[in-house]
Amino acid sequence: MNQAAKQNTLKSHKLRTTACREQVLEVLMNKNSALSHGDIEQELQSDFDRVTIYRTLKSFLEKGIIHKVLDDEGLRYALCKDNCSEEHHRHDHVHFKCTSCGETNCIQDVVVPPLALPAGYESHDVNLLIQGICPACHR
């Protein structure tokens, strides 16, 4: 991803451009699967400390650049595909974890159906993880 595109993404989400933000954004844009904090840290090869990367991810979440993906190993992060913002940040699509390669991917075309919760419960976020074999490993 080129420098101008990264800066434009940050600017359009009202974030100041920093070296860490640019590099974390590049890592996320170059991967097709959701990444954990540790995955991102490993990709950056200690260019930034753990807390700086955490704060960058938190800012990206708050501004609607990325969303959380929960799988059986914990929390991962993936780029938002639609026009998310601070005001509109919902991800009701399915996540798929391959039991062979271990990658977790967003399946945008499969939407989690609305769920009727008992009285008094209010839904803020829905996560649906399907586990199986991805097309690359199925060959």
Problem set entry | Positions within segment 14-38 being open to solvent by 40 Å² or more (accessible area, probe 1.4 Å), at negative phi, in a loop (DSSP other than H, G, I, E, B) and in contact with a Lys or Arg (Cβ under 8 Å, 6 or more places away or on another chain), in sequence order | Thr17
Problem set entry | Evaluation of Glu26 against (1) closer than 22 Å to Leu129 by Cβ; (2) among the acidic types (Asp, Glu); (3) touching a helix residue (DSSP H, G or I) at 6+ places or on another chain (Cβ under 9 Å) (one fails), failing number | (1)
Exercise. Within the bounds of segment 40-49, is there any residue that is among the β-branched types (Val, Ile, Thr) and closer than 30 Å to Thr18 by Cβ?
Worked result: yes
For this session: Search segment 41-58 for residues that are touching a residue at least 60 places away in the same chain (Cβ under 8 Å) and farther than 17 Å from Ala78 by Cβ and pair each with any residue that is in a helix (DSSP H, G or I) and among the charged types (D, E, K, R) when their beta-carbon atoms are under 6 Å apart and the residues are at least 6 apart or on different chains.
Result: none
Problem set entry | Residues that are over 12 Å from the mean Cα position of the chain (by Cα) and open to solvent by less than 30 Å² (accessible area, probe 1.4 Å), drawn from segment 39-51 | Leu44
For this session: Look at Ile66 and say whether it is open to solvent by less than 50 Å² (accessible area, probe 1.4 Å) and under 26 Å from Ile107 (Cβ atoms).
Result: yes
Exercise. Hey, does segment 116-124 have a residue that's outside any loop (DSSP other than H, G, I, E, B) and either closer than 27 Å to Asn8 by Cβ or touching a Leu at 6+ places or on another chain (Cβ under 9 Å) (or both)?
Worked result: no
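Yes or no, residue by residue, for (1) of a type outside the set (Val, Ile, Thr); (2) within 20 Å of Asn30 (Cβ to Cβ); (3) surrounded by 18 or more Cβ atoms within 10 Å (Cβ to Cβ):
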site	(1), (2), (3)
Ile53	no, yes, yes
Leu57	yes, yes, yes
Glu62	yes, no, no
Ala78	yes, yes, yes
Thr99	no, no, no
Ala116	yes, no, no
Asn127	yes, no, no
Exercise. Restricting the search to segment 1-13, which residues are part of a helix (DSSP H, G or I), surrounded by 16 or more Cβ atoms within 10 Å (Cβ to Cβ) and not polar (S, T, N, Q)?
Worked result: Lys6, Leu10
Exercise. Among the residues of segment 101-114, which ones are out of contact with any Leu (no Cβ under 9 Å at 6 or more places or on another chain) and either of a type in the set (Ser, Thr, Tyr) or surrounded by fewer than 11 Cβ atoms within 10 Å (Cβ to Cβ) (or both)?
Worked result: Asp109, Pro113, Pro114
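The values are calculated or read from the model by the stated rules, or taken from the named source; none is laboratory data. These numbers come from a predicted model, not from an experiment. Don't worry about glycine lacking a Cβ; one is built from the backbone with ideal geometry, like all the others, and counts go over all protein chains shown. Just so you know, the surface numbers come from the protein's heavy atoms only, side chains and all, with ligands and any DNA or RNA stripped out. Shrake-Rupley method; radii C 1.70, N 1.55, O 1.52, S 1.80 Å.
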